[in-house]
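Chemist: Please read through the structure below; I'll follow up with questions.
What follows draws every value from the coordinates through simple rules; no lab data is involved. Just so it is clear, the model here is predicted, and its values are computed rather than measured. With ideal geometry, Cβ positions are generated from the backbone for all residues, glycine too; neighbour counts draw on all protein chains shown.
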Number of protein chains: 2
Amino acid sequence: MTPPAIRVVLADDERMVRTALRAILSAEPGLEVVGEAATGAEAVSVVRELRPDIVLMDVRMPEVDGIRATEQILATLDEPPRVVVVTTFENDSYVYDALRAGAAGFLLKRADADALVQAVRLVARTDSLLFPSAVRALAAEHARRAPAPPAWVSRLTGRESEVLRHLAEGLTNAEIARRMDVGPATVKSHVAAVLAKTGTRDRTQAVIAAYEAGFLNAR
Amino acid sequence: MTPPAIRVVLADDERMVRTALRAILSAEPGLEVVGEAATGAEAVSVVRELRPDIVLMDVRMPEVDGIRATEQILATLDEPPRVVVVTTFENDSYVYDALRAGAAGFLLKRADADALVQAVRLVARTDSLLFPSAVRALAAEHARRAPAPPAWVSRLTGRESEVLRHLAEGLTNAEIARRMDVGPATVKSHVAAVLAKTGTRDRTQAVIAAYEAGFLNAR
DNA sequence: CGGCGGCTCCCCCGTCCGGCGGAGGCGGAT
DNA sequence: ATCCGCCTCCGCCGGACGGGGGAGCCGCCG
C-alpha cells in the first residue's frame with residue numbers, strides 16, 4: 001500500500017511559474033499539487049480550505065506578500081503546513097524575514113527540478129535539518145546589513161574614529177581626553193571634526209549616526 | 001553504470017557518534033564514508049588529503065572547534081567539500097556562526113537516519129535550497145537576543161517613553177517640546193525622569209541605553 | 001476624602017558643549 | 001622644498017543641558 005501523497009499548494013503570482021512547478025511536482029509519485037494561489041491573501045484562504053502538507057510560497061506577490069501570508073497561515077491554523085518560501089533571490093534579504101515568519105524552508109527559483117522535489121520531500125518528512133548556501137548569502141547579507149556604510153565612515157581619521165567610539169560609550173570630553181591621554185582641547189577638535197563629517201550637530205546625534213551606520217560593530 | 005559514490009568524511013570527537021553515522025551512511029548505496037577525524041585539526045588534514053564531497057562536522061570538538069575547522073577547510077582548499085555542521089543543538093547559537101563560516105548545511109543530531117541520508121544526498125547534489133526549523137529556532141534565538149529588556153523600560157511612563165524616543169532622534173529639548181506640544185520645562189522634567197530611571201547622566205547615555213535595550217525596536 | 005502617581009510648568013545655577021578663529025609640529029606625497 | 005593632512009593644543013563666547021527644589025492639576029484607588 002502506497003503512503004498518502006504529499007499534498008502541495010503553490011502560491012505565486014506568475015502563472016507560468018505555477019505551471020512549471022506543477023509540472024515538475026506532479027510528475028513525481030507521491031506528490032500531489034492540490035491547489036494554487038496568485039496572491040498572498042488567496043494563499044491564506046486556499047491553504048485554510050485545502051489543508052496541504054506543504055506550501056510553496058513566493059515572496060513577491062500582490063496584496064499580501066509571501067512573508068505576511070506565511071505569518072498568517074502559521075498563526076491561524078492549528079496544524080499548519082510546512083511553508084517553503086520561494087524566491088528568485090538576487091538582492092533578497094527576504095531570507096531572514098522568512099525565517100522569522102516561521103518558514104520551514106527556503107528555495108531558490110533557479111534550483112533544478114530534482115533539488116526541488118527532494119526539498120519538498122525532505123521538508124514534508126522531517127522537522128529537523130539543513131539549509132543551504134542561500135542562507136549563507138543571508139548571513140553575509142545580514143553582516144552587510146549596513147551595506148552602504150555611509151560615506152563619512154571612511155572619511156574619519158583614526159583618532160576621530162576613536163573619539164566617536166568613546167562618544168558612543170557616553171563619555172564626556174574630559175573623560176575621553178583622559179582615556180586617550182591627550183588634552184581636552186584636542187578632544188574638542190576631534191569631536192568637532194566628527195560632527196562635521198557625520199553631518200550632525202551634537203554628540204547625541206553623532207552617536208545615533210554611529211549606531212545607524214553599524215559603525216560600532218565594525219571591528 | 002552507477003554514478004560515483006558520494007564521499008563523506010566524519011568529524012566528531014565521540015567515537016560512538018562516528019560509528020553510528022558511519023553505519024547509517026555506509027548502508028546507503030551511493031554513499032561512502034572515506035575517513036574520520038576526532039578533532040578539528042585532524043578534520044582539516046584528513047579533508048585535505050582525502051578530498052571528500054561532504055564533511056559532517058561536529059561543532060564541539062577539542063583543539064579546533066568545528067566552526068574554525070570549517071573556515072580553514074573552505075579557505076585553504078580550491079574545491080572545498082560541502083561542509084554540513086552537526087550539533088546537538090539545545091542552547092546553540094552555533095547555527096549562525098556556522099553560516100558565517102560557510103557551512104552548506106546544518107544538521108541536528110536528533111535527526112533520524114532517513115533525514116540524514118536525504119540531507120547528505122541533497123547537499124552533495126545542489127548548491128541551492130532549503131533549511132529547517134533548526135534555523136527558525138536560531139531566528140527566534142536571535143530575536144530573543146535582548147531577552148532581558150532592562151527593568152527600567154517598564155517603569156517609564158507614557159510621556160517619558162515618548163521623550164526617550166525623541167531623544168533617540170537627536171532632538172533638543174526645545175524641539176521635543178514643540179513636537180509634543182508642551183512647554184520646554186515639561187520636557188526637562190521628563191528628561192530628568194528618564195535619566196533617573198535609566199541610570200544615566202545625560203541624554204547621550206540615555207540614547208545609548210535605549211539602543212542597547214532594544215527599546216527603539218519595541219513597537 | 002485623602003493620598004499618590006503622572007503630567008504640566010516655574011526659577012536658579014553651574015557645567016558642559018559646540019562654534020569660531022587660530023597655531024605649531026610632523027610626516028608623507030609632489 | 002613645499003604643500004597637505006593629521007594630530008595636538010589655545011581662548012572666548014553663547015546656548016544648551018542637568019541638578020535642585022518647588023508647585024498646581026488631574027484621576028484613580030483605597
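Chemist: Place +1 on the Cβ of every Lys and Arg and -1 on the Cβ of every Asp and Glu in the stretch A:151-212, take the dipole about the Cα centre, and give the residue among A:ALA192, A:VAL153, A:LEU164 whose Cα lies farthest towards its positive end.
Modeler: Checked the options; the winner is A:ALA192.
Chemist: Averaging over every viewing direction, what projected area does the convex hull of the Cα atoms of the stretch A:151-212 cover, in nm²? Don't skip to the end; give the middle numbers.
Modeler: On the way: hull surface 14.3 nm².
Mean shadow area of the hull around the Cα atoms is 3.6 nm².
Chemist: Under a Cβ-Cβ cut-off of 13 Å, what is the net charge of the residues other than B:VAL207 that fall near it, where Lys and Arg count +1 and Asp and Glu count -1?
Modeler: -2
Chemist: Let me know the mean shielding of A:205-212 by other chains, meaning the per-residue number of their Cβ atoms within 10 Å of its Cβ.
Modeler: Per residue, the number of nearby Cβ atoms from other chains is 5 on average.
Chemist: What is the calculated FRET efficiency for A:ALA5 to A:ARG60, with r their C-beta to C-beta distance and R₀ = 30 Å, to the nearest 0.05?
Modeler: Values: r = 29 Å, r/R0 = 0.95.
My answer for the efficiency is 0.55.
Chemist: Skipping prolines and chain starts, which residues have an amide H placed within reach, meaning under 5 Å, of the one on B:LEU31, given they are 5 or more residues away or on another chain?
Modeler: Answer set, sorted by chain and number: B:ILE6.
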